[in-house]
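The values are calculated or read from the model by the stated rules, or taken from the named source; none is laboratory data. All figures in this text were calculated on a predicted structure; none of them were measured in a lab. Note: ideal-geometry Cβ built from the backbone for every residue, glycine included; neighbour counts use all protein chains shown. Remember, those area values only see protein heavy atoms, side chains included, never the ligands or the DNA or RNA. Shrake-Rupley method; radii C 1.70, N 1.55, O 1.52, S 1.80 Å.
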Amino acid sequence: MAGARVDVLGAGIVGLTVADELARRGHDVVVVDPQPALGASYAAAGMLSPAAEVWHGEEEILRLGLASLALWPDLAGRLGTELRRGGTLLVGYDAGDLQQVERQAALLHRHGHPVELLGRAGVRSAEPSLGRVAGGALLPAEASVDPRAVCEALLGRVVLRGAPRPGTDVTVVATGASLPQPWTGLVTGVRGEILRLRSDDPPRRTVRGWAGGEPVYLVPRGDGRVVLGATSEAHEAPPVVTAGGALRLLAAARALWPALDRAELVEGTARDRPATADGLPLVGPSGADGVVLAAGHHRHGVLLAPLTARLVADHVETGRVDPVLDPRRFAGTPEGVR
Ligand code: GLY
């Protein structure tokens, strides 16, 4: 459909990127959100880490993530926001943690993805701010962005309204962990707690590690700010930063990065990630006429935003759908999912 009138519900990084892509292609787009950019995108660390963040059983994320990572330089360039390259360093604090790194490397090798294993000295020279660790691996192609800066730039480019317009051709639902009926049950909230620090000795690149079996990541912003994340817990209650969650993150990060002791603790934030039953997003027709979903990105909303935008815009224009992401794969969407 050319020149479509489209409402995008949800001004998180996914909704905003979709809206920007549709507007760039000449569609008439507004974004509807009473609290723009304050959902999961507000907490997100901004790792563009398809390989470091892929979990066993979620291998499709690697394919999608690599495709989306390739779109990020253009998007960041258009928005004038920084894309930090330098890769991701996987590290294990002790011998057991190093096995986690080796398992991740083996998973990536099986998928033909290059990984450079590093011994203790190799980790030290790649990332001098780290303490003594058992070993690690470098994923040189990965990057990061500041999702708050990205959302702010996108908000400067889209038309924002408080309520949907009557008579739209297409409504794109991009409301994260809170989907409206009848799609509510397609996502569940998985709480993520993150901490923001300021340090005089930050890591140079994203560090994804394990310490005493506890996973943690550190994402530097380049000006001394470091985002430390993230807990992951399915929860009914509203997301809050718990003392236990903060303690686990700080203890794991401290084991890997001793400079944490001197860092200023600036902020703690918790939000729900929108998780689906199969770990893959919902991108495409909802089963209801004129309603398209762009939701359920779980731990990968920032990474997958530009690919999602392209897929949604292609779908609006041509009807094309990626079957892996088609929301109608779940029973329970309207019409027994056509
Ligand atoms: N991708 C980072 C997180 O979900 O914590």
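Note on D201 and R329: with the Förster distance fixed at 30 Å, the Cβ-Cβ geometry gives a FRET efficiency of about 0.05. Modelled spin labels at E116 and T242, positioned 7 Å past Cα toward Cβ, are 3.9 nm from each other.
Want the number for R78 to R63: 0.36 nm per residue separation, take away the alpha-carbon distance, what's left? Don't skip to the end; give the middle numbers.
Numbers: separation 15, 0.36 × 15 = 5.40 nm, distance 2.41 nm.
Separation in residues times 0.36 nm, less the Cα-Cα distance, equals 3.0 nm.
The Cα center of the stretch 215-294 and the Cα center of the stretch 94-113 differ in position by 22 Å. Between V159 and R103, what's the calculated FRET efficiency when r is the beta-carbon distance and R0 is 41 Å? Round to 0.05. Calculated value: 0.30.
Label-to-label distance, Q181 versus D223, with points set 7 angstrom from Cα along the beta-carbon direction: 4.6 nm. Once backbone amide H atoms are built at 1.01 Å from N, L293 has V173, G284, S286 as its partners under 5 Å, excluding neighbours fewer than 5 places away on the same chain.
If you place +1 on the Cβ of every Lys and Arg and -1 on the Cβ of every Asp and Glu, how big does the dipole about the Cα centre of the stretch 132-176 come out, in debye to the nearest 20? Mind dumping the intermediate values first?
Details: 5 positive and 4 negative charges, 26 e Å.
For this selection, approximately 120 debye.
For the chain, what does the helix formula give at 222 nm: sum of -39500 (n - 2.57) over DSSP H segments with n ≥ 4, over the residue count, nearest 500 deg cm²/dmol? Please list the in-between numbers first.
On the way: 10 runs with 102 residues, N = 338.
Result for the chain, helices only: -9000 deg cm²/dmol.
With all protein chains in place and ligands, DNA and RNA left out, the 1.4 Å accessible area ranks T188, T276 as T188, T276, largest first. At an R0 of 35 angstrom, the distance between the Cβ atoms of A70 and L38 translates into a FRET efficiency of 0.75. By the gyration tensor of its Cα atoms, with a ≥ b ≥ c the square roots of the eigenvalues, what is the shape of the stretch 56-100: rounded for a/c under 1.5, prolate for a/b over b/c, or oblate? It comes out oblate by the Cα gyration axes. Charge tally around L64: other residues with Cβ under 14 Å, Lys/Arg +1 each, Asp/Glu -1 each, net -4.
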